1. How many angstrom lie between the Cα centre of the range 58-77 and the Cα centre of the range 99-123?
2. Thr62 accessible area, nearest 10 Å², 1.4 Å probe?
3. What fraction of the DSSP beta bridges in the range 31-133 is antiparallel, stated in percent and rounded to the nearest 5?
4. Hey, can you rank 104-117, 16-29 by average C-beta count inside 10 Å, highest first?
5. Can you tell me, using C-alpha contacts under 8 Å and at least 6 residues apart, the relative contact order of the range 1-129 as a whole percent?
6. Given the peptides 35-47, 75-87, arrange them by the average over their residues of other C-beta atoms within 10 Å, most packed first.
7. Using only Cα atoms and rounding to the nearest 10 degrees, what angle (0 to 90) does helix 99-132 make with the longest principal axis of the chain?
8. What is the percent carbon and sulfur in the accessible area of the chain, measuring with a 1.4 Å probe over the protein chains and ignoring ligands?
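The values are calculated or read from the model by the stated rules, or taken from the named source; none is laboratory data. Treat the numbers as computed from the prediction; the structure is a model and nothing was measured. Using ideal geometry, Cβ is built from the backbone for each residue, glycine included, and neighbour counts are taken over all protein chains shown. Calculation scope for accessible area: heavy atoms of the full protein, side chains included, ligands and nucleic acids excluded. Shrake-Rupley method; radii C 1.70, N 1.55, O 1.52, S 1.80 Å.
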Amino acid sequence: MPREFPRSRRLEEAIQRILGEALSDRVRDPRLRGVVITDVQVSRDLGVARVYFTLLSGEAVTPELGVALQSANGFLRSSLAKELRIRRVPELRFCVDEALTQSRSLEALIEGVTADEEARRRSADAASLDESK
């Protein structure tokens, strides 16, 4: 019978929690203020963890931010090693999470379409009122 909550998923959630706490509480690099860990995916052998991040403010992520995360890589891995009970701490690979940016652009498109539709409806209503007079 397969487990309902596989080890890799538990590890992903633990890594996300630990890294989030480390970034918000213990990292002193001012370039990393407002960084949020949105998702973690570990490889099958648990040797590599892809860490997806974005900025809490919603601003565009700059390449400098990726450099700052890479420079904090050793500290973050040591934070993981202190809290996780595993033999080998996974290698961290940082990736920008584009989901927030994509959702904002989709939201803007939807708002544009609804505004256009509302304007068309109003002009059609005004035209039908003119005809009835």
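1. 33
2. Thr62 has an accessible surface of roughly 80 Å² with all protein chains in place.
3. Antiparallel: roughly 55 percent of the beta bridges in the range 31-133.
4. 16-29, 104-117
5. Taking the mean separation of contacting Cα pairs over the length of the range 1-129, I get 23 percent.
6. Those peptides, ordered most packed to least, come out 35-47, 75-87.
7. That helix lies at roughly 10 degrees to the long axis.
8. Carbon with sulfur: 51 percent of the solvent-accessible area.
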